[in-house]
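Remarks on the structure that follows.
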Amino acid sequence: MGPSSFPVDRMVQGCEGAIAQTAVCRAPRVSYRLMEAAEALAEPGMLAVIGFGAGREEVDDPRWLRLQLEPFDAPAPLECWEVHGPVSCGAAGDIRWSRGGGWLFASIGLDEAASGGIEACAAQAYRQLAWFLAGQAESRVLRVWNYLPDINAGEADDERYKRFCSGRARGMGEAFVDGFPAATAIGSLGGSGRLQVYLLAGARPGIRVENPRQVSAWRYPRQYGPTPPSFARAVRFPAGDALAISGTAAVVGHASAHHGDLPAQLAETLANLEALLTAAGMPAGFDTHSPLKAYVRRPGDARTVREFFRQHLPGVPALLLHGEVCRRELLAEIDGWRYA
Ligand code: 3EB
């Protein structure tokens with residue numbers, strides 16, 4: 001069943017029916033909440049519910065996504081995306097989707113071996129997503145997350161992250177001509193052999209934000225791989241009410257800073273996050289409504305990362321996950337949301 005099973009004119013719902021095409025929809029509200037998946041999914045306006053780790057329940061709902069990343073907290077919260085208005089959902093090929101409030105959530109999980117390796121798998125995932133989005137009113141991708149096993153395995157240009165970047169760029173095709181979305185690409189542990197990609201799209205493009213402290217990722221020099229990564233550092237939402245922040249690490253210029261020094265990497269990462277807020281024209285600082293995720297390479301570092309949040313980002317909802325950053329020397333990465 002393809003997206004064509006939905007008549008396009010009926011899908012132009014935007015925020016409030018007929019005004020959809022001109023209205024600017026309020027950004028989904030992302031929060032971390034300690035509850036059961038079924039309970040969260042029963043709440044009105046719930047566009048997506050994301051759970052973390054192998055211990056999380058399995059739920060048969062396209063809005064539910066269980067990520068292959070282990071949380072450092074037990075019990076771990078769910079990530080909830082709430083929108084204004086009714087939510088519908090379905091499946092199309094390998095894609096599971098939901099829509100509401102002018103927004104579209106879509107996820108895909110592909111078995112890498114069946115796809116012929118990580119590069120082909122990434123191309124296939126992005127090709128399917130691009131095909132699906134092309135038939136939707138909400139076809140502008142603002143934010144995308146990618147999780148793949150063994151991200152640092154393989155040497156030089158054969159490193160799996162670099163192969164992933166090549167496949168992703170190939171699969172994106174012309175679907176991202178507006179510019180790249182904000183993104184995260186992180187290595188998952190546990191060896192399930194699956195690539196997981198999910199995204200948030202709307203009817204209008206966001207405003208891309210780059211970090212003046214960093215070379216834009218798509219301009220990285222050749223040493224980082226044959227295909228530079230396809231992402232913007234952040235995307236401001238059309239109504240100006242939210243900033244989606246890409247995976248941010250201790251990269252200055254194009255180089256990794258502070259090899260092997262976690263506290264220095266975290267401080268550099270925070271400087272990058274603050275620079276993004278400034279570049280986006282948003283007030284400085286993160287608050288109790290700015291959910292952030294920290295991906296931590298070595299489990300033994302989780303306490304240090306937690307303490308860093310307590311000291312430098314007090315009150316900020318932080319979800320710590322065991323994940324590998326795409327450059328081996330980087331020990332942690334932070335992504336998340338800042339609401340206006
Ligand atoms: C960096 O700054 C760190 O390939 O989608 C961060 C966010 C990183 C997204 C991606 C990679 C990606 O280059 C790595």
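When segment 330-340 is filtered for residues that are of a type outside the set (G, A, S), more than 11 Å from the ligand (Cβ to nearest atom) and within 24 Å of L78 (Cβ to Cβ), the ones remaining, listed by number, are W337, R338, Y339. Of all residues in segment 206-233, exactly one satisfies the criterion of being part of a loop (DSSP other than H, G, I, E, B), of a type in the set (K, R) and open to solvent by 50 Å² or more (accessible area, probe 1.4 Å), namely R213.
Taking the criterion of being open to solvent by 10 Å² or more (accessible area, probe 1.4 Å) and farther than 18 Å from R127 by Cα, the residues of segment 163-205 that qualify are L189, G190, G191, S192, G193, A203, R204, P205. For R33, state whether it is open to solvent by 10 Å² or more (accessible area, probe 1.4 Å), modelled with pLDDT of 95 or more and either within 24 Å of R140 (Cα to Cα) or of a type in the set (G, A, S) (or both). No; evaluated as a whole, the condition is false for this residue. Of the candidates A74, A125, the single residue that is under 18 Å from A169 (Cα atoms) and out of contact with any helix residue (DSSP H, G or I) (no Cβ under 6 Å at 6 or more places or on another chain) is A125. Any idea which of G240, G206 is farther than 21 Å from E324 by Cα, touching a strand residue (DSSP E or B) at 6+ places or on another chain (Cβ under 6 Å) and away from the ligand (no atom under 15 Å from the Cβ)? Only one candidate qualifies: G206. Just one of the listed residues (W145, W103) is within 16 Å of the ligand (Cβ to nearest atom), closer than 28 Å to S31 by Cβ and open to solvent by less than 50 Å² (accessible area, probe 1.4 Å), and it is W145. Of all residues in segment 293-303, those being within 25 Å of R29 (Cα to Cα) and either within 14 Å of the ligand (Cβ to nearest atom) or surrounded by fewer than 21 Cβ atoms within 10 Å (Cβ to Cβ) (or both) number 3. The residues of segment 116-142 that are touching a Leu at 6+ places or on another chain (Cβ under 8 Å) and either open to solvent by less than 10 Å² (accessible area, probe 1.4 Å) or under 27 Å from T248 (Cβ atoms) (or both), listed by number, are I118, C121, A122, A125, L129, L133, E138, S139, V141, L142. Of the candidates R327, R306, the single residue that is surrounded by fewer than 21 Cβ atoms within 10 Å (Cβ to Cβ) and within 16 Å of the ligand (Cβ to nearest atom) is R327.
Among the residues of segment 216-227, the one identified as within 9 Å of the ligand (Cβ to nearest atom) and not aromatic (F, W, Y) is A217. Among (1) of a type in the set (V, I, T); (2) open to solvent by 10 Å² or more (accessible area, probe 1.4 Å); (3) within 11 Å of the ligand (Cβ to nearest atom), there is one condition I245 misses while meeting the rest; what is its number? It is condition (2) that I245 fails.
The values are calculated or read from the model by the stated rules, or taken from the named source; none is laboratory data. All of these numbers come straight from a predicted model, not from anything done at the bench. Backbone-built Cβ (ideal geometry, glycine too); neighbour counts: all protein chains shown. With ligands, DNA and RNA removed, areas are computed over all heavy atoms of the protein, side chains included. Shrake-Rupley method; radii C 1.70, N 1.55, O 1.52, S 1.80 Å.
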